[in-house]
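Asks: Just dropping this structure here.
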Amino acid sequence: MKKRNLLFHLLILDFLVSASYGYIFIGGKFPNHLFIGITALAILMFIKKTRILILACILLLLLFIVTMGSIDWYLYKRLDETGYFIACSFIVFACIVTALINFYQRARRDTLELYEKLKQSHVQLQEYALKAEEWAATRERVRIAREIHDTVGHKLTALLVQMQVARKLSVVDPIRSEQSYLECEGLIRSSLQELRLSVRAIRDEPIKSSYLNDCLERLSEEFTKFAQVQTDFKADGIPVAIPSDLQLTAYRIAQESLTNAQKHGHANNAEISLTYSDTSFSLCISNDGEMPDDLKPGFGLINLQERVKEWNGEVYFRMDPIKGFAVEVVLPYSLTDTEREKN
């Protein structure tokens, strides 16, 4: 730092000496003006801030004019305006060159800093990409597990009931027992269809569009027949052809709720209520089964909550000593993605 300051002061002294010497012995002619400009450029190169650079340039101009004017007046009793103008032009040119050099130095420095930040961002982006890939794989595994649970679990519950009925009837009523086994075969076929439906949903293949009312009504009939739980379905409002993904979500919610009602609540009666509004629809699945003292969501209810969350919906679990246990779900939808049923 001391060497830098010493050099700066030496350059200022050199500026004055070269200007005076050149003016006396060269008569203020070229290349004296060039020497002044080069010396001014060397001095101004020490300055990096633009405002200070401009002030330094003005000070050099004043210093040059005062020094040369004093010498002219003292020796010749006259002023050389043309020489002053040319020399001052070189000083101003030195100031402009210094400003340009500082600009490109700053630009280079900023470029290097941006390059380093870009390298860091690239490394972070690679880390985020790996995390996103891991998260996507985990989410897909959870999705597959959820589909298998909701599909196979529901059908196996109904199949278990039918197998128990068939076993008990095999001794007292072989004909009815055989009929129960036939119903078991139907349940197995239905389970295979459900699995194919889940696989298509997992692979994002298109699902044949049908109204949610028909799906839920068929679900209530199957549950009444195979699970021995009297299940009723009712709908309010104008039916809407809901997108297939949202329709599958609502269907799985009703399916899981009924399965829990039979498996954990030992319900005898259940009801599916579907209500449409302009921007959403609500689904309520209630039953008269046993209610837990403390509701602790298991894998099925957690899946249910995740399904609702994916569609920015809301889910409530109602426990009423008189009305029984109920799952209430509100799912929004966009009218641009639906088609009103034509009457």
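Asks: All but one of (1) in a loop (DSSP other than H, G, I, E, B); (2) under 52 Å from the mean Cα position of the chain (by Cα) hold for C95; which doesn't?
Replies: Condition not satisfied by C95: (1).
Asks: Could you go through the stretch 291-301 and let me know if any residue there is in contact with a strand residue (DSSP E or B) (Cβ under 6 Å, 6 or more places away or on another chain) and either at pLDDT 85 or above or over 30 Å from T138 (Cβ atoms) (or both).
Replies: The answer is yes, given that some residue of the stretch 291-301 is in contact with a strand residue (DSSP E or B) (Cβ under 6 Å, 6 or more places away or on another chain) and either at pLDDT 85 or above or over 30 Å from T138 (Cβ atoms) (or both).
Asks: Same structure, new question: Kindly check whether there is at least one residue in the stretch 245-256 that is under 26 Å from I322 (Cβ atoms) and in a strand (DSSP E or B).
Replies: no
Asks: Among the residues of the stretch 54-64, is any free of Cβ contacts under 8 Å to residues at least 24 places away in the same chain, in a loop (DSSP other than H, G, I, E, B) and either loosely packed, with under 12 Cβ neighbours inside 10 Å or of a type in the set (G, A, S) (or both)?
Replies: Within the stretch 54-64, none of the residues are free of Cβ contacts under 8 Å to residues at least 24 places away in the same chain, in a loop (DSSP other than H, G, I, E, B) and either loosely packed, with under 12 Cβ neighbours inside 10 Å or of a type in the set (G, A, S) (or both).
Asks: Identify all residues within the stretch 313-327 that are in a loop (DSSP other than H, G, I, E, B) and either closer than 15 Å to A270 by Cβ or modelled with pLDDT of 90 or more (or both); write none if there are none. Steps first, answer last, please.
Replies: We begin by selecting, within the stretch 313-327, every residue in a loop (DSSP other than H, G, I, E, B); these are 313, 321-323.
Correct list: G313, K323.
Asks: Looking for something surrounded by 15 or more Cβ atoms within 10 Å (Cβ to Cβ) and within 25 Å of the chain's Cα centre (by Cα) - is there at least one such residue anywhere in the stretch 291-303?
Replies: Looking through the stretch 291-303, at least one residue is surrounded by 15 or more Cβ atoms within 10 Å (Cβ to Cβ) and within 25 Å of the chain's Cα centre (by Cα).
Asks: Taking interchain pairs and intrachain pairs at least six residues apart, which have beta carbon atoms under 7 angstrom, with the first residue in the stretch 30-41 and over 14 Å from L63 (Cβ atoms) and the second modelled with pLDDT under 65 and in a helix (DSSP H, G or I)?
Replies: Here the result reads N32/G22; N32/Y23; F35/S18; F35/G22, each pair linking the stretch 30-41 to a residue that is modelled with pLDDT under 65 and in a helix (DSSP H, G or I).
Asks: Further question on the same structure: Which condition number in (1) closer than 30 Å to N303 by Cβ; (2) among the aromatic types (F, W, Y); (3) not in a helix (DSSP H, G or I) is the one that F46 fails?
Replies: (1)
For every residue, the table says whether it meets (1) at pLDDT 75 or above; (2) surrounded by 12 or more Cβ atoms within 10 Å (Cβ to Cβ).
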site	(1), (2)
T151	no, yes
H154	no, yes
V165	yes, yes
S170	yes, yes
R189	no, no
L195	no, yes
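Asks: Is it true that N343 is farther than 17 Å from Q262 by Cα, surrounded by 17 or more Cβ atoms within 10 Å (Cβ to Cβ) and either at pLDDT below 90 or assigned by TED's automatic domain parsing to the domain that holds T249 (or both)?
Replies: Numbers: farther than 17 Å from Q262 by Cα: yes; surrounded by 17 or more Cβ atoms within 10 Å (Cβ to Cβ): no; either at pLDDT below 90 or assigned by TED's automatic domain parsing to the domain that holds T249 (or both): yes.
No: the conditions fail for N343.
The values are calculated or read from the model by the stated rules, or taken from the named source; none is laboratory data. What you see is a predicted model; the values in this text were computed from it and never measured. With ideal geometry, Cβ positions are generated from the backbone for all residues, glycine too; neighbour counts draw on all protein chains shown.
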